[in-house]
Amino acid sequence: MIRSALYIPAANPRAMEKARDLPVDAILFDLEDAVAPDAKAGARDHLARALQADYGPRQRILRINALTTPWGADDAALAARMAGHLDGVLLPKTAGPQDLDALAALVPGLPLWAMIETPQGVLSAPQIAAHPRLHALVMGTNDLARELRCRNRADRLPLLPALGACLLAARAHDRLILDGVYNAFRDIDGLRAEAEQGRDLGFDGKTLIHPDQIAIANACFGPTEAEIAQARREIAAYQAALAAGQGIAVLDGRIVENLHVEAARHLIARAEAIAKGAHQGQSAGSLDPAGDAR
């Protein structure tokens with residue numbers, strides 16, 4: 001379960017060290033956009049050393065450069081060499097399953113993550129999501145908006161068809177899917193509104209560019225105490241109905257069927273997974289308001 005996934009530039013050893021104490025669910029070590037061309041070789045060396053450290057329960061995902069670039073093959077070789085210290089490899093600008101085939105051959109055994117940030121990627125999302133090695137889809141909304149030539153709107157109306165298409169593909173194949181980044185990292189209200197929109201659409205979590213965004217993402221994509229209490233009441237009401245020989249229950253004037261109980265159990269499982277992660281130290285870190293991690 002990933003509510004928050006923070007991009008960290010692999011060229012910044014200090015940021016990678018600080019990330020070990022942040023209350024984030026996943027770290028996206030970035031060798032692509034966040035690293036200048038002449039710094040990529042050095043960034044690989046920094047990352048290889050950083051990955052030797054203990055990142056606790058946080059998932060460690062490496063975003064490589066596209067395999068069509070001069071750096072992609074070397075990035076993939078690093079991922080294969082550090083496979084025991086990674087939980088996945090994120091491929092940018094995934095256009096179709098053939099891109100994942102090429103990466104899969106270079107990183108045997110590692111789960112694959114695919115960035116959807118082009119119109120072709122959106123159109124191919126069902127085939128990408130069906131790839132047997134794929135674990136997650138990640139929306140690259142900045143690049144996607146640029147390629148669609150759409151206007152920047154707070155409600156993201158021009159992007160909704162693409163977001164919905166990718167969500168359908170992810171759910172059809174039971175894949176994790178993360179929403180894109182919110183660029184104005186000091187605009188907490190704007191971030192909260194966009195995170196709530198992504199949550200309501202059905203995304204599992206949100207990608208982030210700054211530590212100050214973590215708390216909002218975790219709160220928006222995690223169950224509230226009220227939701228957990230309601231889920232327990234629905235389960236109890238349904239079990240009582242079954243014991244009475246009935247197939248449905250009525251709670252607060254609303255019908256509770258098996259499908260509602262399944263959703264309630266899923267919500268409680270999410271809450272328990274979050275609590276387990278916090279117990280293992282995921283909430284121990286403190287945020288540095290002045291430190292941009294990307």
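Every number in this text was worked out from the coordinates using simple rules, so none of it is lab data. Please read these numbers as outputs of a predicted model, since none were measured by experiment. Cβ sites come from the backbone with ideal geometry, for glycine too, and all protein chains shown count toward neighbours.
Listed values, structure above:
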| read-out | value |
| --- | --- |
| Dipole in debye (nearest 20) - segment 4-222, about Cα centre, beta carbon charges: Lys, Arg +1; Asp, Glu -1 | 40 debye |
| Lys pairs, the chain - Cα-Cα below 22 angstrom, 8 or more residues apart or on other chains | 6 |
| Positive dipole terminus of the chain, leading residue within 258, 268, 107 (C-beta point charges) | 107 |
| Per-residue Cβ neighbour rank within 10 angstrom, fewest leading, 115, 16 | 16, 115 |
| Among 8, 185, 158 the positive-end extreme of the charge dipole of the chain (Cβ point charges) | 8 |
| Euclidean distance of C-alpha centroids, segment 112-171 and segment 14-42, integer Å | 23 Å |
| Residue 149/residue 226 FRET efficiency (R0 41 Å; Cβ-Cβ; nearest 0.05) | 0.45 |
| Ranking of 69, 224, 207, 118 by count of other Cβ atoms within 10 Å, fewest first | 224, 69, 118, 207 |
| Cleavage-rule hits, trypsin sites (Lys or Arg not before Pro), segment 166-213, DSSP coil, Cβ neighbours within 10 Å at most 15 | 186 |
| Cα lying deepest toward the dipole's positive end in the chain, options 122, 198, 67, charges on Cβ | 67 |
| Loop-located trypsin sites (Lys or Arg not before Pro) in segment 1-99 whose Cβ has at most 16 other Cβ within 10 Å (DSSP) | none |
| Evaluated at q = 0.14, 0.15 Å⁻¹: base-10 log I(q)/I(0), Debye formula over Cα of the chain | -1.04, -1.18 |
